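See structure below.
The values are calculated or read from the model by the stated rules, or taken from the named source; none is laboratory data. Please read all numbers here as calculations on a predicted model, not as lab measurements. Neighbour counts run over all protein chains shown; Cβ positions are idealised from the backbone, glycine included.
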Amino acid sequence: MTVATTHSLIDLVSQFHRQLAQHCSQTARLNQDERVRLLLDYVGRHETHLAAALQSYENQAREKILATWFRNAPTNALPRLDQHALSATSTVDDVIEWAVEMDNAIISFYRTLAAEAETPDLKKVLDNLLAMEESEQHRMVRSALRIQDF
């Protein structure tokens, strides 16, 4: 754990979402299963949307909140994609499990930050980001299950 600002931690999550989207795109090009490619395309677009939502949030957030420091920031809490990668032979179930695992890591990251928040305003911001991630995870899983039934 290290010292980091709220701004840098939100950037870290945004960058992680972009990495997830890129990984989905790369894996979709390698996979032969049409349903897997369709799901990877969906998950990739979903991750791109979340990265853009975080960027938009940062542009609108109060500077005081973004400049708040965390003394014990869990900067290494998000998984490394080289250790949690999908493959060209991944199935629909593999992709769903992977996407949920990645989302759970982000949700856990926000929970940790919210528990460490030193002000009510910062806790509220982190709780809102946490709620957004949880809601988007549920939405993604519902859509993924529809693709699975396709």
When only residues in region 68-83 that are touching a Ser or Thr at 6+ places or on another chain (Cβ under 6 Å) and assigned to a loop (DSSP other than H, G, I, E, B) count, which is nearest to PHE109 (Cα to Cα)? PRO74
May I ask you to say which residue of LEU39, LEU86, LEU54, LEU50 is outside any helix (DSSP H, G or I), touching a residue at least 12 places away in the same chain (Cβ under 8 Å) and in contact with a helix residue (DSSP H, G or I) (Cβ under 6 Å, 6 or more places away or on another chain)? LEU86
Counting just the residues of region 117-150 that are out of contact with any Lys or Arg (no Cβ under 7 Å at 6 or more places or on another chain) and outside any helix (DSSP H, G or I), which one comes out modelled with the highest pLDDT? THR119
Write out, first by first residue and then by second, each pair whose Cβ atoms fall under 7 Å of each other, whose residues are 6+ apart or on separate chains, and whose first residue, in region 138-150, is within 10 Å of ILE96 (Cα to Cα) while the second is of a type in the set (Gly, Ala, Ser). MET140/ALA99; ALA144/ALA99
Please tell me if THR5 is of a type in the set (Val, Ile, Thr), closer than 25 Å to GLU118 by Cβ, touching a residue at least 40 places away in the same chain (Cβ under 8 Å) and surrounded by fewer than 16 Cβ atoms within 10 Å (Cβ to Cβ). yes
